[in-house]
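What follows is a single structure, written as structure tokens, with notes after it.
The values are calculated or read from the model by the stated rules, or taken from the named source; none is laboratory data. Treat the numbers as computed from the prediction; the structure is a model and nothing was measured. In this analysis, Cβ positions are derived from the backbone assuming ideal geometry, glycine residues included, and neighbour counts consider all displayed protein chains.
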Amino acid sequence: MTAKIVSPNPEMGARGKARREQLGLEKNRLAVRLGIGTSRLSQMELDGVEGLTAIKRWAEALEMDPQELAFGKPAKQRKGK
């Protein structure tokens, strides 16, 4: 996965890390799912990622809604507000 980091989004990174830990996934297992190295995943968990494709792939690997990963709220909750 080629995911460019833009201005750091530590909130997104923290949500990704929390979900990985909730699933009981070790960093190396998630990195393999994403086709990246563990150091890259560490950077993503600190700063988030840019781009819809990268967010979608990360969210799919974490079995979560991409909007929840990116913005902290699932799509269903965001539509009604």
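Does residue 26 qualify as being modelled with pLDDT of 95 or more and exposed (fewer than 13 other Cβ atoms within 10 Å of the Cβ)? Against the criterion (modelled with pLDDT of 95 or more and exposed (fewer than 13 other Cβ atoms within 10 Å of the Cβ)), residue 26 qualifies.
Taken over the stretch 31-65, the criterion of being crowded, with 18+ Cβ neighbours inside 10 Å, farther than 13 Å from residue 20 by Cα and within 9 Å of the chain's Cα centre (by Cα) is satisfied by 48, 49, 54, 55, 57. For the stretch 56-78, name all the residues that are in contact (Cβ under 8 Å) with a residue 24 or more places away in the chain and in contact with a Pro (Cβ under 7 Å, 6 or more places away or on another chain). 68 - this is the single residue of the stretch 56-78 that is in contact (Cβ under 8 Å) with a residue 24 or more places away in the chain and in contact with a Pro (Cβ under 7 Å, 6 or more places away or on another chain).
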